[in-house]
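The structure appears below as structure tokens.
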Amino acid sequence: SLTNRTRPKVFIIDDSSYDRNRSKKVELHDRCFDHASLKMRFYKGFRMLTLGWSDGHTFMPIDFSLVSSRKSQINGISDHIDKRTCGYKRRQNALQTEPEQIPDMIKRALTSGIEASYVLMDSWFTLPPLVKAIVDQGLDVIGMVKETKQRYNVNDKMVSLKQLYRLAVPV
């Protein structure tokens, strides 16, 4: 049995749909595709990117961003927003891709004193540049890897994902 002292603390990254179908004048309103629903549909709203913290018993959301697309926006940023404000910076942040936002979210969490050893993420986010950016901050990454043509270096031999899986020693 793990005690609270030895239980690993983790950051968890996930996104979900934030449906605002009835809204007409919301800033950065977007036309999004819901890949997670059984209906596989488009909706008007945002994608909500969340960084959470967990120790295995407790989950706490600690940072989030409503993500909007530059290409499929319905409404842009209001012209009346002062560009020096935090609100304007959050709006600019919403126009970044999710992988661009994640390292800054983790940095803010670590800077504020929240401790974690790992970052857990799903296959949408497990991409080499993002993994490197997280590892550069001193955290390990656990995530599902998509089957691509990418090769992995194991003992100076380049192997596919299937070969890597066969070489992995069960823990």
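Some values worked out for this structure:
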read-out: Matching residues, region 127-141, being surrounded by fewer than 11 Cβ atoms within 10 Å (Cβ to Cβ) and farther than 19 Å from Thr111 by Cα; value: Pro128, Pro129
read-out: Count - residues of region 107-133 that are of a type in the set (Val, Ile, Thr), at pLDDT below 95 and part of a helix (DSSP H, G or I); value: 1
read-out: Scope region 146-169; condition among the polar types (S, T, N, Q), surrounded by fewer than 13 Cβ atoms within 10 Å (Cβ to Cβ) and free of Cβ contacts under 8 Å to residues at least 12 places away in the same chain; matching residues; value: Asn153, Asn155
read-out: Residues that are assigned to a loop (DSSP other than H, G, I, E, B), within 23 Å of Pro61 (Cβ to Cβ) and touching a helix residue (DSSP H, G or I) at 6+ places or on another chain (Cβ under 8 Å), drawn from region 139-171; value: Leu139
read-out: Top-ranked residue of region 46-70 - restricted to ones that are part of a strand (DSSP E or B) and hydroxyl-bearing (Ser, Thr, Tyr), ranked as modelled with the lowest pLDDT; value: Ser65
read-out: Any pair with Cβ under 6 angstrom, 6 or more apart, that starts in region 107-127 at a residue that is within 19 Å of Ser16 (Cα to Cα) and ends at one that is among the charged types (D, E, K, R) and part of a loop (DSSP other than H, G, I, E, B); value: Ser123/Lys146
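The values are calculated or read from the model by the stated rules, or taken from the named source; none is laboratory data. What you are looking at is a predicted structure, and each value in this text was computed from that prediction instead of being measured. Don't worry about glycine lacking a Cβ; one is built from the backbone with ideal geometry, like all the others, and counts go over all protein chains shown.
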